[in-house]
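What follows is one structure encoded as structure tokens, with my remarks underneath.
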Amino acid sequence: MSAALRALLAVAVLVAAGDGFLLWGRTVLDPVDAASARARFLVPAASPAGQGPRPPAGLYRYRTSGRETVDRFAVERAYPHETVRVVSDLGGCRWRETVPLFDQHTETYDFCSGGGDAREVAYATRLVYFFVPGVQRFACDPPGRRLLTGARPGTVLRWRCTAGGSSSDNTTTFVGVETVGGGPSAVRARHLRLTTALAGTSTGGAVRDLWLDADGLVLRERRLVHLVVATSFVGHTSYDERASFELASRTPER
């Protein structure tokens, strides 16, 4: 066998091994249960909570449906039937909502409450595919507003977040006040639609419909996401997500 042929065979073996590793990596999935989420994400309050709307700190359970997909090697992750969210007081005006859909997909949203509303000052997403974590943390200036308190239906707020060379241009629309749930558990909720356009490392966008109680707790969410993500390991990949979340109980677990 010639040296050139041996070299080609060696490259072929490496490529096949690499693809096999990636194919195996697409199946690795670790749901986050309630006990783990409390231990990892519920932050003890550093000082008494400040003024302004915020959900009571603790863990909340959500009835969940949906999935996320990545075009590379046809990755598809169905969401668990139940997911959780953790609200933590960070002291003063600050509080955080953490959404651990899987160990490989965690979102955080940071707020500062005051003046009858909660300003969204930062958010971050951590996604792991093929064992490679991708984390983006955006700082928002001007910030968003969680509730658009006092706004009329149809009111629009535009706000912007940045992370290095990436940007997130956001539009929040107050759709109106609607009823979520039925019977004694029915709640009057503020329905807001958050539209996001991303540029930089990730391009594309998302639409999230949120139904919030007066404290800013998510009672229901519907989301649709399409992104093209640039990575050094697997190149450009298309990410899609479609999911819905329905709060099981407004009483937090601590």
- For segment 43-185 the mean separation of alpha carbon contacts under 8 Å (6+ apart) over residue count, i.e. relative contact order in percent, is 16 percent
- Query: Given a Förster distance of 30 angstrom, what is the FRET efficiency for residue 71 paired with residue 155, based on the Cβ-Cβ distance and rounded to 0.05?
  - Reply: 0.20
- State the extension gain, in nm to one decimal, for the chain segment bounded by residue 244 and residue 230, taking 0.36 nm per residue of separation less the distance between their alpha-carbons. 2.4 nm
- Item | Distance from segment 203-254 to segment 119-172 (C-alpha centre basis), Å | 12 Å
- D_trans [Stokes-Einstein, Kirkwood Rh over alpha-carbon pairs] for segment 31-247, 25 °C, 0.890 mPa s, µm² s⁻¹: 137 µm²/s
- Query: If all Cα-Cα distances of segment 111-153 are sorted into 10 Å bins from 0 onward, what percent lands in each bin, rounded to whole numbers?
  - Reply: 25, 35, 23, 13, 3
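Rule-based calculations on the coordinates, nothing more; no lab input. These numbers come from a predicted model, not from an experiment. In this analysis, Cβ positions are derived from the backbone assuming ideal geometry, glycine residues included, and neighbour counts consider all displayed protein chains.
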